[in-house]
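Please read the structure below before turning to the comments.
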Amino acid sequence: MPLSRQQLIEALGRVAQGDQAAFAAVYAATSLKLYGIVVRILGRRDLADEVLQEVYVRVWQSAVDYDAATSSPITWLATIARNRALDEAKRKTMVSLEERPELLQLPGDDDPSANLEEMEERRRLYACLNELEPEKKEIVLLVYHYGLTREEIARRLNRPVPTVKTWLRRSLEQIKACLGQ
Amino acid sequence: MTEDDDIDGLAAEYVLGSLDPSERVAVDVRRRSDRALADAIRGWERRLGPLSWRTPEVEPPPHLFEAILKKIAAPRSAEVVFLRRHAKRWRGIAAAATAIAACLGLTVGWFLYERIAEPPLLVAELYRAAGTSTADEIMHPAFVVSVDLNACTITARPVTAQPRPGRNYQLWIMRQGVPAPESLGVLSGPEPLTAACPVPIAPPTLLNATLAVSQEPDGGSTTGTPTGPFAFLGKLMAVDRTAEGKSR
């Protein structure tokens, strides 16, 4: 069941107090998204199942640390999921992107639960991504969504690893400068 | 450790996900004591966060939530939550108090921790961090490390790791607040290695500590630090002794 940003913030506040009903509401509102994130990085459902459990146990234990003033609730949750999935993915799997090219598409701006502030943040980030050369943009998205290392990107593109590192850092600097923050 | 002076670039790549496993672990360790790096990571999490908002949703299996509830209902998890809530309050008190008062708060906190928490069993599975994994290495860890806080011992057992002539495996631990890896000893054959816990022992710094194995010449590193990249990595996690007993 979707929760607005404010409802999610309030629910996390109750989770921090040990409220299991609020925890169930957070799970219902976010588990499809977080499972989507970990499945995409890991490429294996069996691993994703384990990781998602650990992610929500972490959410339960860490909700007390969430600060709405410093990050949006979904970014905070997604960061926990991505970090745990990346830790796992780095040692386990390599996803075949050729099988799932749709994941490279930038999604549209049609999320009904997003508020105006979130939509604006997203629009600005995508505008900055679109200022990168197409190949660089693709690399940034490949890495973000699949956690590919520089070595894996280098093999894929048949380029030296230092070149890939330079590309990544310059692209990220460009995104930061474009966002102006 | 991470020899990368471009802190913002390193943080950006960490959040993006492009670091190799040993670099990632090194950043995980360094961010705990390097405020600039930790701040830079938070900045990049905020900048790139919107990319994850629109990730295609996938429905998890229905039994997962029940499994999660069982995990958070376990007494040990409840203790951890209790401790974290109180730790936050202690941090707040400590921030406003003098150094002496802060030390006192820590002492009281530690006393309370010992009173309410039975020392947990901590376990880490170490997998290959660099190079190509064999099928066996994908299915099974190279080493399993367990920490028994009652006996205050750390035991490492080779599982799929194979001895290499002229090389030893050396076990290291990287703990929160300790900037450099600490050696726990050398594994020279198929026998397990048992080491004493690092002193001073403090379970909160062992929870989520990273264990790593490097390959060293006979007898281990003579420099006190790993002489090459970590070959195997894993994180210490608390294990529910009750659940573990039932599964056997």
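Numbers at a glance
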{"quantity": "Under 5 Å, built H, 5+ apart or other chain: amide partners of B:Asp20", "calculated": "A:Arg150"}
{"quantity": "Computed label-point distance, nm, for sites B:Thr227 and B:Ser33 using a 7 Å Cα→Cβ extension", "calculated": "2.3 nm"}
{"quantity": "Förster radius 30 Å - calculated FRET efficiency between B:Arg42 and B:Thr194 (Cβ-Cβ, nearest 0.05)", "calculated": "0.15"}
{"quantity": "Radius ratio Rg over Rh of the stretch A:122-167, counting only Cα atoms, Kirkwood formula for Rh", "calculated": "1.01"}
{"quantity": "Distance violations [Cα-Cα > 26 Å] among A:Lys176/B:Lys235; A:Lys33/B:Lys71; B:Lys70/B:Lys235", "calculated": "A:Lys176/B:Lys235"}
{"quantity": "Backbone N within the stretch A:156-181 under 14 Å of label point (7 Å from B:Asp6 Cα along the Cβ vector)", "calculated": "A:161-177"}
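Coordinate-derived values only; no laboratory data. Here the structure is a predicted model, which means the values were calculated and not measured. Using ideal geometry, Cβ is built from the backbone for each residue, glycine included, and neighbour counts are taken over all protein chains shown.
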